[in-house]
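**Q** Dumping the structure here so I can ask a few things about it.
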Amino acid sequence: MSQKQLKEAFISNLNGTSLLEISVGLSLPPLCLLCRGLLLILYYLHHGKPVSSRKCSLLLDFLVLVSPLLLSCTVLSPVIFFMPALLAAFCAGIFSKICSQRKREGRASFGQTVEEFLKACLDPEYVPAVTVFRVYVNVLTSISILAVDFPQFPRRYAKAETYGTGVMDLGVGAFIFGNALVCPEVRQEPRRARPRFSSLARQVLSVWPLLSLGLGRLLSLKSIAYHEHTSEYGVHWNFFFTLAFVRLAASLLLATFPRQKAWLVALALAVLYQLLLSTTSLKRFVLHGSDGRGSRLGFLDANREGLLSLLGYLALYLASVQAGLWLLRRRSSVRGWLGALGGLALAVVVLLVLLQLCQASTEPVSRRLANLPFCAWVLAHCLLLLSLFLLADLALVFTKLLVKGSSVPCCWKVVQPPDSRKKQGMEAVPVGREDRLPQLCLISAINKNQLLFFLLANVMTGAVNILIDTIHSEAAFTLCILHLYMFFNCLIMYILDARNIVLKFW
């Protein structure tokens, strides 16, 4: 077999992993975020100032936010079930040290801080969990697209061939979910009178970079005979095209139907598509082609997975819009967000029950088909991850109240209560010094140039695969390459953020 055929076989005919393992793995990013925040607060407690060195800040963010995830999907994957416990124990140790240090300094009692926390008001204009979710999906995707070509990346984490729940399968759906959370239909103010199709017009203008990237990827891969897994999207189709067309179709539907009824449109579309898969020959066509032997004659046959899965991805996008509308409601109190956490937990349970019912009555999860079980699975786990990020943020808010004046980038800011602002005739301002002490943050840096980060990761992945025989690499060499690759991508984003450069021209 040629090198191209070997690499294609290396990522083909896989079956995914268990729902439990994926759920356990999803707890790692929030724990990394919590660990980074607690370390910054502890540093402030000891030194009376935040980390001021840009080099130290970048190194800390990379080692705590990125490196554990890279290790967890390579050499530490055999002990993935123990990693959350170890990280949680480490966070508990840091929190205990913060509490003991406060006690020696004779600060306010723990009970008083709990009471203050429950009465605290948070910045209603910014939900950091949404930003962190989207950034981490990008980071995890960037790690996976290169790591999957190395033997240290477990085959069960790679995309399943037809049925199954691989980590990378969830990543595809999470990308759709993250885009829908911040789409124009979610972000626009409902009170403002806007033309009905204004969001559609903006989406038409905003998707051309995706179409350009999709075309560029197609031409570049064909020109250098790069290895491809054809059954993912087809011969000519790729995820950039899927994302662009889903966004356009969703904007058209949301311009026709009320935004608040997006979940009904999503449910109707997903159920109708599943009925077509189950009662007609559509599923057989997607999986085996028009002749039943997997032939790819003609454009539709050649790209059947990418074209027909658009229906499932569109339903997922619309359901995610509904989640975004609910999540970005103006909640300004800790109590309000604790109630929201309860609502998210209920939604996760309902979706997991729906997933089991769908799999029992129809078919297993299939990213290739983007069927109803796939949509329920992705929604459940994305909402679970968002819930964990919200929980980590609230834990950091509580710790910041323990250590007055401390700051954590990309975390909620405690603001003055609305009643006190009205009495004093002043705007909401953050309590403490965090608004006066700007800090560079890797999460913020990637967030400002997410598309560039993803594009850079794709280009670097191609370069590494061309230059290196990834399949036969040793563990130490693999870890070195993956860390250098991710650090380079993060460094570029960090430099652009330090110079306040946002490469968005559409």
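The values are calculated or read from the model by the stated rules, or taken from the named source; none is laboratory data. What you are looking at is a predicted structure, and each value in this text was computed from that prediction instead of being measured. Cβ: placed from backbone, ideal geometry, glycine included. Neighbour counts: every protein chain shown. Heavy atoms of the whole protein, side chains included, go into the accessibility calculation; ligands, DNA and RNA do not. Shrake-Rupley method; radii C 1.70, N 1.55, O 1.52, S 1.80 Å.
**Q** For the chain, find the longest principal axis of its Cα atoms and tell me its angle to the long axis of helix 239-256, 0 to 90°, nearest 10.
**A** So the inclination is approximately 70 degrees.
**Q** Read through the labelled values (i) 158; (ii) 247; (iii) 316 and report the label of the one computed as volume of the Cα convex hull per residue in Å³ from the structure.
**A** (i)
**Q** Let me ask something additional. Kindly write out, for the stretch 79-91 in residue order, the coupling ³J(HN,Hα) from the Karplus curve 6.51 cos²θ - 1.76 cosθ + 1.60 (θ = phi - 60°), rounded to whole Hz, with x marking Gly and Pro.
**A** 10, 4, 6, 8, 5, x, 5, 5, 5, 5, 5, 5, 4
**Q** Given the options GLY294, CYS91, VAL130, identify the residue whose Cα lies farthest towards the positive end of the charge dipole of the chain (+1 on Cβ of Lys, Arg; -1 on Cβ of Asp, Glu).
**A** Of GLY294, CYS91, VAL130, it is VAL130.
**Q** Treating the beta-carbon of each Lys and Arg as +1 and of each Asp and Glu as -1, no other charges, what is the dipole magnitude of the chain about its Cα centre, to the nearest 20 debye? Please list the in-between numbers first.
**A** Numbers: 49 positive and 27 negative charges, 319 e Å.
Here the chain has a charge dipole of around 1540 debye.
**Q** Still on this structure: Output the relative contact order of the chain, whole-number percent, from Cα pairs under 8 angstrom with separation of 6+ residues. List each step's numbers first, then the result.
**A** Numbers: 662 pairs, mean separation 126.4, N = 506.
It comes to 25 percent, rounded to a whole number.
**Q** When the Debye formula is applied to the Cα atoms of the stretch 1-47, each taken as the same point scatterer, what base-10 log of I(q)/I(0) results at q = 0.14, 0.18, 0.23, 0.28 Å⁻¹?
**A** One equal scatterer on each Cα of the stretch 1-47 leads to -0.63, -0.72, -0.83, -0.93.
**Q** Size of the stretch 94-180 along its principal axes in angstrom, Cα-based, largest extent first?
**A** 59, 32, 20
**Q** Under a 1.4 Å probe, what is the accessible area of the chain per residue, stated in Å²?
**A** On the way: 22230 Å² over 506 residues.
Here the residues of the chain average 44 Å² of exposed surface.
**Q** Under a plain spin-label model, where a point goes 7 Å from the Cα along Cα-to-Cβ, how far apart in nm are THR280 and TYR226?
**A** Computed distance between label sites THR280 and TYR226 equals 3.4 nm.
**Q** Further question: Classify the stretch 231-342 from the C-alpha gyration tensor, please: rounded if a/c falls under 1.5, else prolate or oblate depending on whether a/b exceeds b/c.
**A** Numbers: a/c = 2.75, a/b = 2.45, b/c = 1.12.
Since a/c reaches 1.5 and a/b is larger than b/c, the shape of the stretch 231-342 is classed as prolate.
**Q** Using all Cα-Cα distances in the stretch 1-152, what percent lands in each 10 angstrom bin from 0 up to the longest?
**A** Going from the shortest bin to the longest, the percentages are 8, 28, 32, 19, 8, 3, 1, 0.
**Q** Can you give me the convex hull volume of the Cα atoms of the stretch 328-377, divided per residue and expressed in Å³? List each step's numbers first, then the result.
**A** Working: hull volume 3.6 nm³, N = 50.
About 72 Å³ per residue, rounded to a whole number.
**Q** Here's a follow-up. Put a dot 7 Å past each Cα toward the Cβ at LYS49 and PHE477; how far apart are the dots in nm?
**A** Rounded to a tenth, the inter-label distance reads 4.6 nm.
**Q** Calculate the length of the line joining the C-alpha centroid of the stretch 260-298 to that of the stretch 311-360, in whole Å.
**A** 25 Å
**Q** For a quick protection proxy, order the peptides 207-216, 319-328 by their average other-Cβ count within 10 Å, most packed first.
**A** By packing density, highest mean first, the sequence is 319-328, 207-216.
**Q** Please list, in order along the stretch 202-212, the HN-Hα scalar couplings obtained from phi with the Karplus expression 6.51 cos²θ - 1.76 cosθ + 1.60 (θ = phi - 60°), rounded to whole Hz, x for Gly and Pro.
**A** Karplus-based 3J(HN,Hα) across the stretch 202-212 equals 5, 5, 4, 6, 8, 8, 5, x, 5, 5, 5 Hz.
**Q** Which peptide among 446-455, 377-386 comes first, and what is the full order, when sorted by highest mean count of other Cβ atoms within 10 Å? Mind showing how you got there, number by number?
**A** On the way: 446-455: 19.7, 377-386: 24.7.
The packing order, highest mean first, is 377-386, 446-455.
**Q** Same structure again: Would you list which lysines come within 19 Å of LYS119, measuring only between C-alpha atoms, while excluding same-chain residues fewer than 8 positions from it?
**A** Partners within reach: LYS400, LYS404, LYS413, LYS422, LYS423.
**Q** On to the next question. So which lysines can LYS222 reach, going by Cα to Cα under 30 Å and dropping same-chain residues fewer than 8 places off?
**A** Qualifying lysines at Cα under 30 Å: LYS4, LYS7, LYS159, LYS283, LYS504.
**Q** For helix 450-467, report the angle its Cα long axis makes with the longest principal axis of the Cα atoms of the chain; keep it between 0 and 90° and round to the nearest 10°.
**A** Long axis of 450-467 versus the principal axis of the chain: about 50 degrees.
**Q** Residues with amide H under 5 Å of ASN15's amide H, sequence separation 5 or more or different chain, H placed in the peptide plane at 1.01 Å from N; which?
**A** Amide H neighbours of ASN15: GLU161.
**Q** Then there is this: Taking the Cα atoms only, what angle lies between the long axis of helix 167-181 and the longest principal axis of the chain, rounded to 10 degrees?
**A** Long axis of 167-181 versus the principal axis of the chain: about 60 degrees.
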